[in-house]
Amino acid sequence: ETKYLSEYNINIIRNISKKLEINSKILILSNTDYISDTKKGDLVLDICKYFGVSKYVSPIGAKEYLDKSLNDFKSFNIEVEYQHYNHPQYTQIGDTFIPYVGILDLLMNEGFENSKKIILGARNYIKA
């Protein structure tokens with residue numbers, strides 16, 4: 001039982017990740033003492049420094065604003081990679097495939113084992 005929708009969502013993410021054997025550590029920024037007034041690329045860098053990361057993987061859509069901060073990331077020895085997700089088609093109810101519906105759609109249509117293969121098979125990384 002949770003008090004907030006965000007806690008419910010975090011629990012869903014943790015449980016699905018565990019079932020898919022995704023073992024990434026999930027950190028909740030609002031549960032830390034981190035405070036910043038920086039924006040976009042600088043904010044991402046600030047958060048990376050706060051947690052002491054050596055690699056930041058970002059969606060390809062953030063490339064335009066993150067590229068402006070790449071030298072700053074490099075100066076703190078933080079490697080930046082962009083994930084380009086080539087959305088595959090999978091079994092879906094209906095005549096027309098609708099991409100980017102979400103993980104629950106994929107799980108309900110393909111099950112956990114096939115979903116894991118589909119997710120891993122569609123990921124591509126581009127070094128910044």
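Only the coordinates and a few stated rules stand behind these numbers; no lab work does. It should be emphasised that the depicted structure is a prediction, and the values quoted were computed from it without experimental measurement. In this analysis, Cβ positions are derived from the backbone assuming ideal geometry, glycine residues included, and neighbour counts consider all displayed protein chains.
Using +1 at the C-beta of Lys and Arg and -1 at the C-beta of Asp and Glu, which of GLY121, THR32, ILE78 has the Cα lying farthest in the positive direction of the dipole of the chain? Result: ILE78. Amide H contacts under 5 Å for VAL80: TYR56, ALA128, restricted to partners 5 or more places along the chain or on a different chain, H placed in the peptide plane at 1.01 Å from N. Charges were assigned to the Cβ only: +1 to each Lys and Arg, -1 to each Asp and Glu. The resulting dipole of the chain about its Cα centre is roughly 300 debye.
Note that the range 15-23 has calculated 3J(HN,Hα) couplings of 5, 5, 4, 4, 5, 8, 6, 9, 9 Hz, one per residue in order, obtained from phi through the Karplus relation 6.51 cos²θ - 1.76 cosθ + 1.60 (θ = phi - 60°); glycine and proline are x. Neighbours of ASN31 by Cβ distance under 15 Å: Lys/Arg scored +1, Asp/Glu scored -1, total +1.
Neighbours of LYS49 by Cβ distance under 11 Å: Lys/Arg scored +1, Asp/Glu scored -1, total -3. By the Stokes-Einstein formula, at 0.692 mPa s and 37 °C, the chain with its Kirkwood radius over alpha-carbon pairs has D equal to 192 µm²/s.
So in the chain, what percent of DSSP beta bridges are antiparallel if you round to the nearest 5? That works out to approximately 50 percent antiparallel.
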